[in-house]
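K.L.:
Got a structure for you, questions after.
The values are calculated or read from the model by the stated rules, or taken from the named source; none is laboratory data. The structure presented is a predicted model; accordingly, all values stated were derived computationally and were not measured. For neighbour counting, all protein chains shown are included, and Cβ atoms are generated from backbone atoms with ideal geometry for every residue, glycine included. Accessible surface is based on the protein model in full, side chains and every heavy atom, while ligands, DNA and RNA are left aside. Shrake-Rupley method; radii C 1.70, N 1.55, O 1.52, S 1.80 Å.
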Amino acid sequence: MAEVKLLGTWPSPFSYRVIWALKLKGIPYEYFEEDLSNKSPLLLQCNPVHKKIPVLIHGGKSICESIVILEYLEETWPQNPLMPDDPYERALARFWVKFVEEKGVAVWVKFFSSGEEKEKAMKDSLEMLKTIEEHALGKKKFFCGDKISLVDIAYGWMARWMEVIEELAGVKLFEPQKFPRLHAWMKDFKDEPMIKENLPGHDEMLVYFKNKH
Amino acid sequence: MAEVKLLGAWGSPFSRRVEMALKLKGVEYEYIEEDLADKSPLLLKCNPIHKKVPVLLHNGKTIAESLVILEYIDETWKTNPIFPEDPYDKAMARFWAKFLDDTCMPAIWKIMWSKENQREKAIEEAIQHLKTLENELKDKKFFGGETIGLVDIVANFIGFWLGAVQEASGMELVNKENFPVLCRWIDEYVNCSVVKQNLPPRDELIAFLQPRFSASSWKY
């Protein structure tokens, strides 16, 4: 029996965050695909508060919330570190993670709404992209330096989900020439072997989100 | 010149969290009160992205976002740890801190800003979350166990501000009858010395909050 289990769903960027971290650290795990329209007793037992995925189960104990899981993985399996050593660098990393938690996917999915809500979502998202472009990336390959970190993983949804949402919602906010650093980052992120091998298909995603919205 | 500075606001629970952590660890710091209606050049320079308090300055470097600051403080000053040492317990602390900030607090604020016909639903939601929180507390003295920890610090909004909000608005969400365990925690909490020293004066806070509830849309 695998010591580590992950409850997730294939279209979820939050689920993928944990998969990327597990793969990057070489942690063997057993994956369980959840049907969110028919949640398993295991999911309801392991995440009674939110009843959401992802949930990590390690040695019988369950941990919920993707970023909380990532920090737990980092502390429990220190190989291939995903966080800097220096407390200030770590604080910066956590700051940018929090930024995307507040301004990221949650805002982008509002593109599926209409009228004022959509307009506001588009305005907020554009501002978010500008902030990252101007303040977060700098000259580094990834958010914290030369190697992928927890921050890159947190922003990983931009590597596939952002384009799918924009395509379906008929919105074009992210233009490579307007956001060259971000564009370069997206390419570098997707080129990383562990990420490349672990991305949901573009077409499958289109079908899934189209049916959902 | 102080090595550690804190830009804060007297009435902000987020600001007070950081002060509590610094005091708990015996870290000397210079406190700078910000007027949020007229933000200082220093604040705008140190937190250009959010332009909010609290901001911690340490050796010339700036850190924003109260939870990020709390993690930084715990990693930098090792006396009286705020976070548990065990990775699983730490994960649980982070989970509950997130629950407080992302689920509990917004639900409470939602009541205040909701239209009259949506208010009952908003109240139900907030009560559900507070029950979840109370369930986590069970028979522990504090969320952190025998002594206050991260979750207790982050729950300062529930521990103190909620009471002031209730008095300012005339709405009672939490009382000894419906939340006996939470109220017991609140009593322990506000009497805890490090907490007591880091609370705004109650009357001033109520006076500050009252005008927000006397707007015509609020009737309770």
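K.L.:
Has the stretch A:56-75 got any residue that is more than 19 Å from A:Ile195 (Cβ to Cβ), open to solvent by 70 Å² or more (accessible area, probe 1.4 Å), in contact with a strand residue (DSSP E or B) (Cβ under 9 Å, 6 or more places away or on another chain) and in contact (Cβ under 8 Å) with a residue 24 or more places away in the chain?
P.N.:
No, every residue in the stretch A:56-75 fails to be more than 19 Å from A:Ile195 (Cβ to Cβ), open to solvent by 70 Å² or more (accessible area, probe 1.4 Å), in contact with a strand residue (DSSP E or B) (Cβ under 9 Å, 6 or more places away or on another chain) and in contact (Cβ under 8 Å) with a residue 24 or more places away in the chain.
K.L.:
So, one more: Of all the residues that make up the stretch B:44-67, how many are open to solvent by 20 Å² or more (accessible area, probe 1.4 Å), of a type in the set (A, V, I, L, M) and under 15 Å from A:Ala93 (Cα atoms)?
P.N.:
Matching residues across the stretch B:44-67 total 2.
K.L.:
Going by the conditions given, is A:Trp161 at pLDDT 90 or above and either in contact with a helix residue (DSSP H, G or I) (Cβ under 8 Å, 6 or more places away or on another chain) or basic (Lys, Arg) (or both)?
P.N.:
yes
K.L.:
Scanning for something exposed (fewer than 14 other Cβ atoms within 10 Å of the Cβ), in contact (Cβ under 8 Å) with a residue 12 or more places away in the chain and not aliphatic (A, V, I, L, M), does the stretch A:108-115 turn up at least one residue?
P.N.:
Checking the stretch A:108-115: not a single residue is exposed (fewer than 14 other Cβ atoms within 10 Å of the Cβ), in contact (Cβ under 8 Å) with a residue 12 or more places away in the chain and not aliphatic (A, V, I, L, M).
K.L.:
Across the stretch B:9-50, what is the number of residues that are within 14 Å of another protein chain (Cβ to nearest Cβ) and either in contact with a strand residue (DSSP E or B) (Cβ under 8 Å, 6 or more places away or on another chain) or under 14 Å from B:Gln197 (Cβ atoms) (or both)?
P.N.:
8
K.L.:
Could you list, in sequence order, all residues of the stretch B:111-139 that are among the charged types (D, E, K, R), under 16 Å from B:Cys183 (Cβ atoms) and surrounded by fewer than 18 Cβ atoms within 10 Å (Cβ to Cβ)?
P.N.:
B:Lys131, B:Glu136, B:Lys138, B:Asp139
K.L.:
From the set of residues in the stretch A:117-139 that are within 17 Å of A:Arg94 (Cα to Cα) and either of a type in the set (Lys, Arg) or more than 19 Å from the chain's Cα centre (by Cα) (or both), which is modelled with the lowest pLDDT?
P.N.:
A:Gly138
K.L.:
What are the residues in the stretch B:175-201 that are out of contact with any Gly (no Cβ under 8 Å at 6 or more places or on another chain) and in contact (Cβ under 8 Å) with a residue 12 or more places away in the chain, if any?
P.N.:
Correct list: B:Asn178, B:Phe179, B:Val181, B:Leu182, B:Glu188, B:Cys192, B:Val194, B:Gln197, B:Asn198, B:Leu199.
K.L.:
Could you please let me know if B:Lys78 is basic (Lys, Arg) and out of contact with any strand residue (DSSP E or B) (no Cβ under 6 Å at 6 or more places or on another chain)?
P.N.:
It is true that B:Lys78 is basic (Lys, Arg) and out of contact with any strand residue (DSSP E or B) (no Cβ under 6 Å at 6 or more places or on another chain).
K.L.:
Sticking with this structure for a sec: Within the stretch A:18-37, can one find any residue that is over 26 Å from A:Val164 (Cβ atoms), without any contact (Cβ under 8 Å) to a residue 40 or more places away in the chain and hydrophobic (A, V, I, L, M, F, W, C)?
P.N.:
no
K.L.:
Looking at A:Asp124, is it on the phi < 0 side of the Ramachandran plot and exposed (fewer than 12 other Cβ atoms within 10 Å of the Cβ)?
P.N.:
No; evaluated as a whole, the condition is false for this residue.
K.L.:
Answer with yes or no whether B:Ala164 is more than 30 Å from B:Ile73 (Cα to Cα), surrounded by 17 or more Cβ atoms within 10 Å (Cβ to Cβ) and either of a type outside the set (Ser, Thr, Tyr) or out of contact with any helix residue (DSSP H, G or I) (no Cβ under 9 Å at 6 or more places or on another chain) (or both).
P.N.:
Taking the combined requirement at face value, the residue does not satisfy it.
K.L.:
So, one more: Residue check: is B:Lys61 within 14 Å of chain A (Cβ to nearest Cβ), touching a helix residue (DSSP H, G or I) at 6+ places or on another chain (Cβ under 7 Å) and touching a residue at least 12 places away in the same chain (Cβ under 8 Å)?
P.N.:
Taking the combined requirement at face value, the residue does not satisfy it.
K.L.:
Right, here's the next one. When you go through A:Leu92, A:Leu42, A:Leu22, A:Leu82 one by one, which is the residue that is at the interface with another protein chain (Cβ under 10 Å from one of its Cβ atoms) and either part of a helix (DSSP H, G or I) or not charged (D, E, K, R) (or both)?
P.N.:
Sole residue among the options that is at the interface with another protein chain (Cβ under 10 Å from one of its Cβ atoms) and either part of a helix (DSSP H, G or I) or not charged (D, E, K, R) (or both): A:Leu92.
K.L.:
Something else: Residues in the stretch A:45-79 that are more than 7 Å from chain B (Cβ to nearest Cβ), among the polar types (S, T, N, Q) and part of a helix (DSSP H, G or I): how many?
P.N.:
Of the residues in that region, 2 qualify.
K.L.:
Tell me, please, whether a residue that is at pLDDT below 95 and open to solvent by 10 Å² or more (accessible area, probe 1.4 Å) can be found in the stretch A:16-27.
P.N.:
Scanning the stretch A:16-27, I find no residue that is at pLDDT below 95 and open to solvent by 10 Å² or more (accessible area, probe 1.4 Å), so the answer is no.
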